[in-house]
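Trainee: Structure provided below as structure tokens; questions to follow.
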Amino acid sequence: MTQSSTQDHLLEETLPTTTAVTAASNPRKLSIIPLVFLIYFEVSGGAYGEEAAVGAAGPLWAILGFIVFPFIWSIPEALITAELATAFPGNGGYVIWANEAFGPFWGSLMGSWKFLSGVINLASYPALCVDYIKLVFPILSSGLPRYGAILLSSLFLSFLNYTGLVIVGYTAVCLGVISLLPFVLLTLFSIPKIDPSRWISLGQKGVAKDWPLFFNTLFWNLNFWDNASTLAGEVDQPQKTFPKALFSAGLLTCLVYLVPLLAATGAIPLDQENWVDGYFADAAETIAGTWLKVFVEIGAVLSIIGLYEAQLSSSVYQLVGMADLGFLPQCFSVRSKWFNTPWVGILVSTLITVAVSYMNFSDLISSVNFLYSLGMLLEFASFLWLRRKLPTIKRPFKVPMNLPGLIVMCLIPSGFLVYIMVVATVNVFLVSSILTVLTIIWYFVMNFCKSRKPAIVEGEDYLE
């Protein structure tokens, strides 16, 4: 190896080009408390949405699922995020990791898979919000009123995101605290009525287990830990802040899922078919009265707002990072003069969200999980290869394992990812394949444009 190539190799290990320069020009940074609640909303936002696990497999399997699954999935994902987000603290997150590990093609593909899964996931939130509101206003159950409510809620929530990430962060804190209160009350009122024997029920006789729905529900409720990594360029001292925020959000999320689940399944005789999305509101009415049902529904709406804002923020700043890496036109890093937010990314994400928001909710979950699984397999591979490729790079937080241990840690959740993909329907597989082919075509189109017109992807580091 020549002296020049040796120097280049050392430079690659010590000074990876990962930090989005646009973020460095932004003096308004996220502190730890808003980041904790943004991560919490990226992953959870409350117990809303976990009801289907009971309906699919019964109380015992649901309880075990929300106890065991964090250890085989959430904790490994959070540890990987903590290590790589502190080693490569720039907007783009996992896009940067794949790019550093395997090159621009895989970085672009990672960005496409994760962005599409993010915006499809976004589309489920306005629909879920309307599903709760229709319990109070039945006119929104179907037809034009429902479609109009979904559209208006999407536009309103996207405008709130446009006002700035710091505002969104502190809004997430307020929304998180308020949306948790109904479940605290539900748990307290449940205590005198709890029969522990109900927790060990495997489900009602004659009700078949729906394992694909069960695992998709667990996966949907406990993934996306890595999404906050795309905000690393907007975080104050990310090397110190990210590990603490991930640990705090992880503890909060596990408690938020498990405690209300134990309370509701223990206090109410099992009617498995009732355990569908939105059932916690009916459970609250049975346990404490109509007033708590209304409070749960209000909390659900507030939680969904937080979920939408956190996910949209992650998707938008991922696009900023992709533009900085040359995977997207430079216009995606242009920021608003008023709020310093990347308005082009917000607009594009909102348009895609609205376009797919009228799909069936179960189909949305399956599509999100399939695309996300592809991205996570690539993320695990990137994590392992970066340990081998750049062993001496500074890692402010490092998972305390050697490479063989890390491989075992990644193999277990990888097996689950493969299962999620295998049980996907033909339609989900076809849609995901088509989207993947389109993203590959986009990569080569961008390369062609860069060779002909560099200004398309290269411009000033920060544009007003």
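Trainee: Only residues that are touching a helix residue (DSSP H, G or I) at 6+ places or on another chain (Cβ under 6 Å) and either aromatic (Phe, Trp, Tyr) or open to solvent by 10 Å² or more (accessible area, probe 1.4 Å) (or both): list them for the stretch 45-62, please.
Mentor: 48, 52, 55, 60
Trainee: Right, here's the next one. Could you please give the count of residues in the stretch 425-437 that are open to solvent by 50 Å² or more (accessible area, probe 1.4 Å) and either among the small types (Gly, Ala, Ser) or in contact (Cβ under 8 Å) with a residue 12 or more places away in the chain (or both)?
Mentor: Total satisfying the criteria: 4.
Trainee: Of the residues in the stretch 185-199, how many are in a helix (DSSP H, G or I) and surrounded by 12 or more Cβ atoms within 10 Å (Cβ to Cβ)?
Mentor: Of the residues in the stretch 185-199, 9 are in a helix (DSSP H, G or I) and surrounded by 12 or more Cβ atoms within 10 Å (Cβ to Cβ).
Trainee: Here's a follow-up. From the set of residues in the stretch 206-229 that are modelled with pLDDT under 85 and of a type outside the set (A, V, I, L, M, F, W, C), which is farthest from residue 53 (Cα to Cα)?
Mentor: 206
Trainee: Which one of 73, 106 is within 29 Å of residue 178 (Cα to Cα) and either open to solvent by 20 Å² or more (accessible area, probe 1.4 Å) or modelled with pLDDT under 90 (or both)?
Mentor: 73
Trainee: What tally of residues in the stretch 396-424 results from selecting those that are under 18 Å from residue 225 (Cβ atoms) and open to solvent by less than 40 Å² (accessible area, probe 1.4 Å)?
Mentor: 9
Trainee: Of the numbered conditions (1) closer than 21 Å to residue 118 by Cβ; (2) at pLDDT below 90, residue 294 fails exactly one; give the number of that condition.
Mentor: Here residue 294 meets the rest and fails (1).
Trainee: Given 407, 412, 352, 434, which one is closer than 27 Å to residue 155 by Cα and assigned to a helix (DSSP H, G or I)?
Mentor: 352
Trainee: Can you name the residue in the stretch 154-176 that is closer than 15 Å to residue 42 by Cα and polar (S, T, N, Q) and is also surrounded by the most Cβ atoms within 10 Å (Cβ to Cβ) among such residues?
Mentor: The selected residue is 161.
Trainee: What are the residues in the stretch 303-327 that are over 17 Å from the mean Cα position of the chain (by Cα) and either farther than 29 Å from residue 448 by Cα or open to solvent by 20 Å² or more (accessible area, probe 1.4 Å) (or both), if any?
Mentor: Selection gives 324, 325.
Trainee: Taking the stretch 333-347 as the search range and keeping residues that are open to solvent by 30 Å² or more (accessible area, probe 1.4 Å) and within 22 Å of the chain's Cα centre (by Cα), which one is modelled with the lowest pLDDT?
Mentor: Within the stretch 333-347, the match that is modelled with the lowest pLDDT is 343.
Trainee: Listed residues 274, 221; which is of a type in the set (S, T, N, Q) and more than 26 Å from residue 118 (Cβ to Cβ)?
Mentor: Going through 274, 221 in turn, the sole match is 274.
Trainee: Residue 116: open to solvent by 10 Å² or more (accessible area, probe 1.4 Å) and within 17 Å of the chain's Cα centre (by Cα), yes or no?
Mentor: Answer is yes for this residue.
Let's see how each residue does on (1) within 26 Å of residue 133 (Cα to Cα); (2) touching a Phe, Trp or Tyr at 6+ places or on another chain (Cβ under 6 Å); (3) buried (at least 22 other Cβ atoms within 10 Å of the Cβ):
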residue	(1), (2), (3)
181	yes, no, no
204	no, no, no
223	yes, no, yes
231	no, yes, yes
236	no, no, no
245	no, no, yes
273	yes, no, no
277	yes, no, no
284	yes, no, yes
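Trainee: May I ask you to list the residues in the stretch 375-395 that are in a loop (DSSP other than H, G, I, E, B) and buried (at least 21 other Cβ atoms within 10 Å of the Cβ)?
Mentor: Scanning the stretch 375-395 gives no hits.
Trainee: Same structure again: May I ask you to verify whether residue 241 is open to solvent by less than 60 Å² (accessible area, probe 1.4 Å), at pLDDT 85 or above and out of contact with any Pro (no Cβ under 9 Å at 6 or more places or on another chain)?
Mentor: Yes: the conditions hold for residue 241.
Trainee: Being over 17 Å from residue 90 (Cα atoms), surrounded by fewer than 22 Cβ atoms within 10 Å (Cβ to Cβ) and not hydrophobic (A, V, I, L, M, F, W, C), is that true of even one residue in the stretch 363-374?
Mentor: Looking for residues that are over 17 Å from residue 90 (Cα atoms), surrounded by fewer than 22 Cβ atoms within 10 Å (Cβ to Cβ) and not hydrophobic (A, V, I, L, M, F, W, C), one finds at least one in the stretch 363-374, hence yes.
The values are calculated or read from the model by the stated rules, or taken from the named source; none is laboratory data. Note that the structure is predicted; figures quoted are calculated from it, not measured. Note that we place each Cβ from the backbone using ideal geometry, even for glycine, and neighbour counts take in every protein chain shown. Ligands, DNA and RNA are stripped out before the accessible areas are found, and what is left, the full protein with its side chains, is counted by its heavy atoms. Shrake-Rupley method; radii C 1.70, N 1.55, O 1.52, S 1.80 Å.
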